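The values are calculated or read from the model by the stated rules, or taken from the named source; none is laboratory data. Just so it is clear, the model here is predicted, and its values are computed rather than measured. We place every Cβ from the backbone using ideal geometry, glycine too, and count neighbours over all the protein chains shown. These area figures cover heavy atoms from the full protein model, side chains too; ligands, DNA and RNA do not enter into them. Shrake-Rupley method; radii C 1.70, N 1.55, O 1.52, S 1.80 Å.
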Amino acid sequence: MDKIIYLDNAATTKTAPEVVEAMLPYFTENYGNASSIYRLGAESKKAIAKSRDVIAKSLKANPSEIYFTAGGSESDNWALIAAAEAYENKGKHIITSVIEHHAVLHTCQYLEKRGYEITYIDVDENGVLKMDELKKAIRPDTILISVMFANNEIGTIQPIREIGELARENKILFHTDAVQAYGHVPIDVDELHIDMLSASGHKLNGPKGIGFLYIRKGVKIRSFIHGGAQERSRRAGTENVPGIVGLGAAVERAFANLDARSRKECELRDYLIGRMEEEIPFCRLNGDRQRRLPNNVNFSFQFIEGESLLIMLDMKGICASSGSACTSGSLDPSHVLLAIGLPHEIAHGSLRLTLSEENTVEEMDYVVNNVKEIVERLRQMSPLYEDFVKKQNQ
Ligand SMILES: *Cc1c(COP(=O)(O)O)cnc(C)c1O
């Protein structure tokens, strides 16, 4: 099998050919510094303004509210740290969820060491934020609520409008890490009462190392990178013009066919989920069935190790990801799978498949057939499974 079936689009996506094409002239011909006086620099300046407009329009925001960053992690770090510092006179309490990306969770830990108090709200068995716990957690000194739009592991989409309304009523800032959702589901920052939003280029067929932070007008926020006057002096450093152009092109492309793409992905997703549930015993779909990203499939298989499954799938040309965090040097299973109540041993046997519009039904069939065969084979080698079968036969 020479062909690769790429099912790890939540980790990163292929840069679309038209995005690469849009970027190329900004390496070789229009390489001028956007801050310079001559016309070559003006080309770069114009291109940056165009991308900013495209992004602002996609969120129904104002171009002056979009700040380019080096990606989702930087946007999350900036939103949390700068808001914490700018509002510390009001209070030092921040609310977030237990299933955030590490870019948010580790920034919260950093803030905890600096005297901020963080409340981590639980989720239910489908990964939906417990709204009653959120309401109870709000205090007079709460300055920020940060809850991700959609989860990168299990695809659950949060009740963002309700969270936004609650934050607004209580005059608390609301930040959302929308890295997985932006370009995949429609977002209107006014309608959803979002004050800050993080997004990243490489999760929507744009280049890596570029993203943005939306900051609503009127929000007090500190500069994140100190230096020159770029990004209205809030994020210094010569602009990554090719990256910004690529991000703009990716956003244009993502929103132009959002409905059709999402419909196609949902169909493939549900087909894949259906076949897996029907044909593989002792499996569990993780994440909410309805409130779910169009391209996310996440299963736990009892009696197997996700890592072994991944290695064997790779030998069949299938790129996927698991729920255990061995890559991060830890043997603990994913904090997200534990948060939705999976026992350690079941969380370890998890598989995440994140699709793109380029996938086909034939590929889904190939994947199910292989997962089925490999899961069976791994179970035959598992002493736990042997015990289980013995007990069942008694
Ligand atoms: C990928 C991801 C990030 C990090 O984005 P980078 O651009 O890779 O820094 C943050 N949050 C979520 C939910 C993500 O999926």
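Local charge for Q230 was computed over the other residues whose Cβ lies under 13 Å away, with Lys and Arg +1 and Asp and Glu -1, and equals +3. Result for the chain in a Gaussian network model with C-alpha springs under 10 Å: among T28, T13, T107, the largest mean-square fluctuation is at T28.
Based on DSSP H assignment, which helices of the chain show an axial Cα extent of at least 18 Å together with a mean Kyte-Doolittle hydropathy greater than or equal to 0.5? Before the final figure, lay out each step's value.
Values: long enough: 39-59 (31 Å, -0.30); 72-86 (21 Å, 0.03); 241-256 (22 Å, 1.26); 258-279 (31 Å, -1.22); 361-380 (29 Å, -0.55).
Result, helices passing both filters: 241-256.
Provide the net charge surrounding E277, with neighbours chosen by a C-beta distance below 11 Å and charges set as Lys +1, Arg +1, Asp -1, Glu -1. Surrounding charge for E277 is 0. Here the range 231-334 is assigned +1 on the Cβ of each Lys and Arg and -1 on the Cβ of each Asp and Glu. Its dipole about the Cα centre then comes out at about 440 debye. Positive end of the dipole of the chain (Cβ unit charges, origin at the Cα centre): among G127, S51, G287, the Cα lying farthest that way belongs to S51. Using a simple spin-label model with pseudo-atoms 7 Å out from Cα toward Cβ, A86 and A137 lie 2.2 nm apart. Shown here for the range 295-394: trypsin sites (Lys or Arg not before Pro) in loop regions (DSSP other than H, G, I, E, B) with at most 16 other Cβ atoms within 10 Å, namely K316.
Protein chains only, probe 1.4 Å: how do Y26, Y110, Y214 rank by accessible area, largest first? Mind showing how you got there, number by number?
Working: Y26 45, Y110 90, Y214 0 Å².
From most exposed to least exposed: Y110, Y26, Y214.
If only the Cβ of Lys and Arg carry +1 and only the Cβ of Asp and Glu carry -1, the dipole of the chain around its Cα centre is close to 1300 debye. Our summary gives the chain a relative contact order of 21 percent, counting only alpha carbon pairs under 8 angstrom and 6 or more residues apart.
At 222 nm, what helix-only mean residue ellipticity would the chain give, in deg cm²/dmol to the nearest 500, using -39500 (n - 2.57) for each DSSP H run of four or more? Don't skip to the answer; put the middle values down first.
Numbers: 14 runs with 164 residues, N = 394.
Dividing the helical sum by the residues of the chain leaves -13000 deg cm²/dmol.
Each of R161 and H106 was given a label point 7 Å from its Cα along the Cα-to-Cβ line. The distance between the two points is 3.6 nm. Put the Cα centre of the range 299-318 next to the Cα centre of the range 1-37 and the gap is 30 Å.
Computed over the chain with a Gaussian network model linking Cα atoms closer than 10 Å, the most mobile of T238, T15, T119 is T238. Reported to the nearest whole Å, the Cα centre-to-centre distance from the range 348-364 to the range 62-126 is 31. Residue separation of E307 and V185 scaled by 0.36 nm, minus their Cα-Cα distance, works out to 40.9 nm of gained length. Subtracting the Cα-Cα distance of R263 and I225 from 0.36 nm times their residue separation leaves 9.7 nm of extension gain.
In the range 6-62, which GluC sites (Glu not before Pro) fall in coil by DSSP and have 12 or fewer other Cβ atoms within 10 Å?
Working: sites: E18, E21, E29, E43; in loops: E29.
Loop-located and lightly packed - E29.
For the pair I280 and D365, label points projected 7 Å from Cα toward Cβ lie 1.9 nm apart.
Bridge orientation summary for the chain: considering DSSP beta bridges with both residues in this region, about 55 percent are antiparallel. Based on the alpha-carbon gyration tensor of the range 125-264 and its eigenvalue square roots a ≥ b ≥ c, which shape applies: rounded if a/c is under 1.5, prolate if not and a/b is larger than b/c, or oblate? Verdict is oblate for the range 125-264. In terms of its alpha-carbon gyration tensor, the chain comes out oblate; a/c meets the 1.5 threshold, while b/c is at least as large as a/b.
The value of relative contact order for the range 38-161, using C-alpha pairs under 8 Å at least six residues apart, is 24 percent.
At a 1.4 Å probe, what is the % contribution of carbon and sulfur to the accessible area of the range 274-394?
52
Placing unit charges on the Cβ atoms of the charged side chains and taking the dipole of the chain about its Cα centre, the candidate lying farthest along the positive direction among V179, I81, G32 is G32.
Give the calculated FRET efficiency between A256 and N33 to the nearest 0.05, with a Förster radius of 45 Å applied to their Cβ-Cβ distance. Show your work: numbers first, answer last.
Numbers: r = 31 Å, r/R0 = 0.68.
About 0.90, to the nearest 0.05.
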